[in-house]
1. With a 10 Å radius around each residue's Cβ, average the other Cβ atoms per peptide and rank 290-303, 189-202, highest first.
2. By a straight-distance test (C-alpha under 24 Å), which lysines pair with LYS225 as possible cross-link partners, with residues fewer than eight away in the same chain excluded?
3. What part of the accessible area of the range 212-337, given as a whole %, is carbon or sulfur when the probe is 1.4 angstrom?
4. Rounded to the nearest 0.05, what FRET efficiency is calculated for GLU127 and ARG64 with R0 set to 35 Å and r the Cβ-Cβ distance?
5. In the range 157-231, with Lys and Arg counted as +1 and Asp and Glu as -1 at Cβ, which of these residues, SER211, PRO227, PHE173, has the Cα nearest the positive end of the dipole, that is, farthest along it?
6. Assuming R0 = 35 Å, can you tell me the calculated FRET efficiency for the pair ASP317 and ALA168, based on Cβ-Cβ distance, to the nearest 0.05?
7. Once the range 142-275 is represented by equal point scatterers at the alpha-carbon sites, with solvent omitted, what log10 I(q)/I(0) does the Debye formula produce at q = 0.17, 0.19, 0.20 Å⁻¹?
8. Got a sec? What order do LEU311, LEU134 fall in by accessible area at 1.4 Å, biggest, i.e. largest, first?
Amino acid sequence: MRSGLTTGSWAATLLTLALLFPLAGVAHGVGNPAPTSYRHAPSPTRGDNATCEARYARAVSELRRGMVTGCLHSLDDAVVRCDPSSAPRASASDAAIGARASFLRARVLLLDGDWAAAEEAATAAREWSARRALSDPDATHHHRALDAADAIIAETKRVRRLHDAAVAAAREFRHERAFWTAGEALRTSWRSYDLLVVRAKAGVELDLYASVRQDVARALKIRPKSPDALRTLAEALRRCVRTTRALKASAGVLRDCVRANPDDGGCRRQLRRDQSLLTLLDDAATAEREGDYAAAVDALVEFGRKDGRGLFKAGADAALCRVSSLAARTKRAARAA
């Protein structure tokens, strides 16, 4: 299946973006305020005295290392603090760097799955470039910057439509469509937590455990300890792997979820369900070790009843066959004695 960019290509892709957008800085000439739409407030701890060039260089360095959140903070700083309207001491070169940061920020937000912020940033950057194109209509770089902004806006709208279509398909139980639609959107917004979770949940329904595990791992890198992602992984273990060992692993994931999110009722409910099944398995194993095969049979029969969907039927039936055989052998030995 196609899952978009791999984890190993993230940093290279982001750095490529940084290098592809120098034209935005050229297009935004002197004397125009930089777009002021930004998601993060500039941080006072990131060096108020740093030059605009240093701020942008820091953002590119963070992109190279795959530090997307830090990169966005640095780009926010550059957009605001290199804007002549908010920073009177900003020079012409500062304004150009702030413009370049605005274009790059819009593109990174698109990859990050923050489509509203990406479109807003690209729209503001486009308006700025449009004013420069009017003042210097013969400069082709202004028109290239306009085309770049239009491309970002169009792509943002396309990916958002794909996300909405995937969510709607999942709601209508068209899980295969949801899976592939989310995958198409992830080819662009490969850091979108929402898209990763949508595809992971569809993967559970399609019995695609390897894909679910990969998507959940990526989602947890974006939002560590996310209860929705952890619940999805636990459900994949139960429904896709379907072994008693997977049941124990599911309970372990849910215990981690409850520890990290004490108020999350979903993880707590799923954990109680798994623990009740594991308790019956422990009871059956204890009874078997003690030679109380009737009690072991009763525990395994109750396990099968509680496992309403028969997810662990194979393992439970094998244990029940073994215990029943031992019980019959014991009875024969008792009669012979």
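1. Details: 290-303: 17.7, 189-202: 25.0.
Per-residue Cβ counts within 10 Å, averaged per peptide and sorted highest first, yield 189-202, 290-303.
2. By straight Cα distance, LYS225 reaches LYS201, LYS248.
3. 51
4. Approximately 0.70, to the nearest 0.05.
5. PRO227
6. 0.35
7. Per q value, in the given order, log10 I(q)/I(0) is -0.88, -1.03, -1.10.
8. LEU134, LEU311
The values are calculated or read from the model by the stated rules, or taken from the named source; none is laboratory data. Predicted, not measured: the structure shown is a model, and the values here were computed from it. Methodologically, a virtual Cβ is constructed for each residue, glycine included, from the backbone with ideal geometry; neighbour enumeration extends over all protein chains shown. Surface accessibility is based on the protein's heavy atoms, side chains included, excluding ligands, DNA and RNA. Shrake-Rupley method; radii C 1.70, N 1.55, O 1.52, S 1.80 Å.
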